[in-house]
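Trainee: Structure provided below as structure tokens; questions to follow.
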Amino acid sequence: MPLHVPGDQVHEEVADMGDTSFSTQAVYGNSASLMFATRPPGYHSKPHRHDCEQLNLLRAGAVWVFIEDRAFHLKAGDFLRIPAGAVHWAWNKSDAPCEMVEVHSPGLQADPTIREFAVGLFDERETPALAGTPVTEFVTDGFDAAVVEKLAE
């Protein structure tokens, strides 16, 4: 793929998060990946972590994002950073979809949720040299999300 790809060539696909999903477009380079994700009403991911920093910009709608033992109610135009390795998850408690831009560094291009359709932005003369290949790890032991989610009531 070239350094530039028209938007209509980065297809919107469904990212499967186990018991929930969202639609997204994803691209990546050597040090970061970028996703534009639409989460439907009721979207509720499981607590998870990945060994990369995540920067979020909520473009439309509203969503609750939980990081460890804290809750953040994002509204359109809000930014949020999730530190690498932090347990986090999202819940769209509204009746409208929300649209979020996510940057992960190093990129999540190897993650099963997007690896089949993420588009690499590399020049034909360039050999990719990925900074890392973190993947999502769902947290199942010793973490009670329901306790933290009470902060959103």
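Trainee: Could you list, in sequence order, all residues of segment 130-153 that are surrounded by 17 or more Cβ atoms within 10 Å (Cβ to Cβ) and aliphatic (A, V, I, L, M)?
Mentor: VAL148
Trainee: Moving on to the next point. Taking into account only those residues within segment 6-29 that are touching a Phe, Trp or Tyr at 6+ places or on another chain (Cβ under 8 Å) and not small (Gly, Ala, Ser), which is nearest to THR140 (Cα to Cα)?
Mentor: So the residue we want is THR20.
Trainee: If you don't mind, another one. Can you work out which of the residues in segment 91-101 that are in contact with a strand residue (DSSP E or B) (Cβ under 9 Å, 6 or more places away or on another chain) and open to solvent by 10 Å² or more (accessible area, probe 1.4 Å) is nearest to THR140 (Cα to Cα)?
Mentor: Filtering first and then ranking leaves TRP91.
Trainee: Restrict the check to segment 5-26 and report whether at least one residue is under 16 Å from the mean Cα position of the chain (by Cα), under 18 Å from ALA131 (Cβ atoms) and of a type outside the set (Lys, Arg).
Mentor: yes
Trainee: Of all residues in segment 56-90, how many are crowded, with 17+ Cβ neighbours inside 10 Å and either of a type in the set (Phe, Trp, Tyr) or in contact (Cβ under 8 Å) with a residue 40 or more places away in the chain (or both)?
Mentor: 9
Residue-by-condition table, conditions (1) surrounded by fewer than 18 Cβ atoms within 10 Å (Cβ to Cβ); (2) in contact with a Leu (Cβ under 9 Å, 6 or more places away or on another chain); (3) closer than 21 Å to PHE22 by Cβ:
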{"position": "VAL103", "(1), (2), (3)": "yes, yes, yes"}
{"position": "PRO106", "(1), (2), (3)": "no, yes, no"}
{"position": "PRO112", "(1), (2), (3)": "yes, no, yes"}
{"position": "ALA118", "(1), (2), (3)": "no, yes, yes"}
{"position": "ASP123", "(1), (2), (3)": "yes, yes, no"}
{"position": "PRO128", "(1), (2), (3)": "yes, no, no"}
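Trainee: Let me ask you something else. Do you know which residues across segment 56-72 are touching a helix residue (DSSP H, G or I) at 6+ places or on another chain (Cβ under 7 Å) and assigned to a strand (DSSP E or B)?
Mentor: TRP64, PHE66, ALA71
Trainee: Mind telling me which of the residues ALA110, ALA131, ALA146 ends up being free of Cβ contacts under 8 Å to residues at least 24 places away in the same chain and not in a strand (DSSP E or B)?
Mentor: Criteria check complete, one pass: ALA146.
Trainee: Report whether or not GLY77 is touching a Cys at 6+ places or on another chain (Cβ under 8 Å) and farther than 15 Å from ALA15 by Cβ.
Mentor: Here the answer is no, as GLY77 does not meet what is asked.
The values are calculated or read from the model by the stated rules, or taken from the named source; none is laboratory data. Keep in mind that what you see is a predicted model, and the values were worked out from it rather than measured. Cβ sites come from the backbone with ideal geometry, for glycine too, and all protein chains shown count toward neighbours. In case anyone asks, the SASA skips ligands and DNA or RNA and just uses the protein heavy atoms, side chains included. Shrake-Rupley method; radii C 1.70, N 1.55, O 1.52, S 1.80 Å.
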